[in-house]
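Encoded as structure tokens, the structure appears first; notes follow it.
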Amino acid sequence: DYDEAQLWHKKGRTAQAKKAEQDTIDAWKKSGSPKNTRGAKLAAEFAIDDAEAYYNNVWTPFQITRTITTHNIKAAKAQIQAQNAQIEKLRKTAEDKYIALDQFGVVEATMCAEVRFGDIQYDRGQKIENIPIPTIIASNDQVSATFQTQRDQALQKDLDQAKTAWSDVADKAKAGGVSNKWSQHALENLAREFPDQYHVLRQELVQETDKP
């Protein structure tokens, strides 16, 4: 099933490839779901691909750009809740795909899941921050300031969760002597978002990048 999936991908037959990938995962489950085996690693590879496809093609590009223009308070509140619900639905789907990676007992899959969990929290904060402020709120300076403060608090909460996930991956990778794309991604995010706290780390990353 693994080889069959790779063959279908080369031929550009995405639907057949996806079926073969799912067959690989199902076969691993039928064998008793033994963790960190060759079967687990093959199944994890496909599950990571599926999660990454959703993250990159659905979750990442999603943005709410429409401004709520109604001057009816009740209607505006309902539309704000609907916008947030849109983001939450996509967020949960993305998270569930990464949570499922833990079942394989494969280090790379587990690291991928935790790093992306942090990314998703960070992304959610950015997506909410980027929603245009409703007209009825923007027209009142005091209400607008309160609304923005609440948004900023939610953004900080998401950033804190992201930091916890990224730090955990970075610490575990360092302790275990593991270095891969996910540990590097976590380190880069920490250096970007928290340059004061991780300034030494940022210098190391720059030096690494500058090497010939």
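The values are calculated or read from the model by the stated rules, or taken from the named source; none is laboratory data. Just so you know, these numbers come straight off a predicted model, no measurement behind them. Cβ: placed from backbone, ideal geometry, glycine included. Neighbour counts: every protein chain shown. The accessibility values were calculated without ligands, DNA or RNA, using every heavy atom of the protein model including side chains. Shrake-Rupley method; radii C 1.70, N 1.55, O 1.52, S 1.80 Å.
Brief remarks on what is shown
- Summed over the stretch 145-156, residues that are among the small types (Gly, Ala, Ser) and closer than 17 Å to GLN81 by Cα total 1.
- Identity of the residue in the stretch 75-87, free of Cβ contacts under 8 Å to residues at least 12 places away in the same chain and open to solvent by less than 60 Å² (accessible area, probe 1.4 Å), that ends up nearest to the chain's Cα centre (by Cα): ALA85
- Those helices (runs of 4 or more DSSP H) of the stretch 95-206 in which at least 2 residues are surrounded by fewer than 16 Cβ atoms within 10 Å (Cβ to Cβ) and without any contact (Cβ under 8 Å) to a residue 40 or more places away in the chain, considering only elements entirely within it, cover 107-129, 141-176, 181-193.
- Neighbours by Cβ (under 8 Å, 6+ apart or cross-chain): first from the stretch 33-45, over 13 Å from THR110 (Cβ atoms) and in contact (Cβ under 8 Å) with a residue 24 or more places away in the chain; second polar (S, T, N, Q) and open to solvent by less than 50 Å² (accessible area, probe 1.4 Å): LEU42/THR24; ALA43/THR24
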